[in-house]
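The values are calculated or read from the model by the stated rules, or taken from the named source; none is laboratory data. Just so it is clear, the model here is predicted, and its values are computed rather than measured. Every residue, glycine as well, gets a Cβ built from its backbone with ideal geometry; the counts of neighbours run over all protein chains shown. Keep in mind that these areas ignore ligands, DNA and RNA; they rest on the heavy atoms of the full protein, side chains included. Shrake-Rupley method; radii C 1.70, N 1.55, O 1.52, S 1.80 Å.
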Amino acid sequence: MFDVLAFVYENYWNGNDCPEPVTLQRRLHDVGFSPDQIGDALSWLGGLAQAAQGLGQAAAESPAQARLFDDAAAPVQPSLRIYTRGETERLG
């Protein structure tokens, strides 16, 4: 399933370019993914779309949540990540 999701992301990263699910399913099959992989990935993407839609509705219903979404659109300030010694050793 993750291979299918990676393929979809790499080829259709702009949501407007992504075909309808039936067409996408056919293209994924033509590329060589198995029906099980395709079904799992499309199911996961459908759940993700429903969750995102639910968050948008919740923000519209709650002023407090709407502020959270407004903050998410604010410009991002630069940040610095300090790695622990264990992380540095693991990352190399």
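Okay, residues lined up against (1) buried (at least 16 other Cβ atoms within 10 Å of the Cβ); (2) touching a Leu at 6+ places or on another chain (Cβ under 7 Å):
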site	(1), (2)
Val4	yes, yes
Tyr12	no, no
Cys18	no, yes
Val22	no, no
Phe33	yes, no
Ile38	yes, yes
Gly46	no, no
Gln53	no, no
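Each row is one residue, and each column tells you yes or no for (1) at pLDDT 90 or above; (2) more than 14 Å from the chain's Cα centre (by Cα); (3) not β-branched (Val, Ile, Thr).
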site	(1), (2), (3)
Trp13	no, no, yes
Asp17	no, yes, yes
Glu20	no, yes, yes
Leu28	yes, yes, yes
Gln37	yes, yes, yes
Asp40	yes, yes, yes
Leu45	no, no, yes
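Ala59 fulfils the conditions (1) at pLDDT 75 or above; (2) open to solvent by less than 90 Å² (accessible area, probe 1.4 Å) except for a single criterion, (1). Scanning region 62-92 for residues that are at pLDDT 80 or above and open to solvent by less than 100 Å² (accessible area, probe 1.4 Å) yields Thr84, Gly86, Glu87, Thr88.
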